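Encoded as structure tokens, the structure appears first; notes follow it.
The values are calculated or read from the model by the stated rules, or taken from the named source; none is laboratory data. Everything numeric here is computed off the predicted structure, so don't read it as measured data. Cβ sites come from the backbone with ideal geometry, for glycine too, and all protein chains shown count toward neighbours. Calculation scope for accessible area: heavy atoms of the full protein, side chains included, ligands and nucleic acids excluded. Shrake-Rupley method; radii C 1.70, N 1.55, O 1.52, S 1.80 Å.
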Amino acid sequence: MMNRFRKWLYKPKDNVLNIINQIMDVCIPQDRAPRDFCVKFPEEIRHDNLAGQLWFGAECLAAGSIIMNRELESMAMRPLAKELTRSLEDVRGALRDQALRDLNTYTEKMREALRHFDVLFAEFELSYVSAMVPVKSPREYYVQQEVIVLFCETVE
């Protein structure tokens, strides 16, 4: 029952974020924030409504909530969560304005709002998931890749 409630709660947010992602793929395909860090997430974290959960988490943090017994991480992420929610409102406003004008052209203001949102969302995604589950640091991930390369070269 609780799982169905969660899916219902996050579904509209997922739909909005999916549409924004599709617009970013068309509008700023070369300027997207890198998401390479997602491969470090445990399999159970990577699912369809992760984006909606992240948006909900950002709204809760921005409003002053604390992530399950993680007060320090919550306080550290709060400014990012506030900036992310503001940026999302800017993007939604820019898209609303754009919808009333020409749908086939993207203004520089809208492109910039999308770039800014994309970077903030990627930062928040890594921070939030890292606070919830153990995730390797970029350095640990780099070292792991180096070991893989060395192993492959040795096998050759």
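Here Arg101 meets each of (1) open to solvent by less than 70 Å² (accessible area, probe 1.4 Å); (2) over 19 Å from the mean Cα position of the chain (by Cα) with one exception, condition (1).
The residue that is nearest to Leu88 (Cα to Cα), counting only those in the range 24-39 that are part of a helix (DSSP H, G or I) and in contact with a helix residue (DSSP H, G or I) (Cβ under 7 Å, 6 or more places away or on another chain), is Met24.
For (1) among the charged types (D, E, K, R); (2) within 16 Å of Phe41 (Cα to Cα); (3) in contact with an Asp or Glu (Cβ under 7 Å, 6 or more places away or on another chain); (4) outside any helix (DSSP H, G or I), each residue gets a yes or a no:
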position	(1), (2), (3), (4)
Leu88	no, no, no, no
Asp97	yes, no, no, no
Ser127	no, yes, no, no
Gln144	no, yes, no, no
Cys152	no, no, no, no
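In the range 104-125, which residue that is part of a helix (DSSP H, G or I) and free of Cβ contacts under 8 Å to residues at least 24 places away in the same chain is surrounded by the most Cβ atoms within 10 Å (Cβ to Cβ)? For the range 104-125, the residue satisfying everything is Glu112. Quick check on the range 19-37: of everything there that is polar (S, T, N, Q) and either modelled with pLDDT of 90 or more or more than 16 Å from Leu120 (Cα to Cα) (or both), which residue is surrounded by the fewest Cβ atoms within 10 Å (Cβ to Cβ)? Looking at the filtered set, the residue picked out is Gln30. Only one of these is open to solvent by less than 50 Å² (accessible area, probe 1.4 Å), in contact (Cβ under 8 Å) with a residue 40 or more places away in the chain and over 14 Å from Cys27 (Cβ atoms): Leu95, Leu80. Name it. Going through Leu95, Leu80 in turn, the sole match is Leu80.
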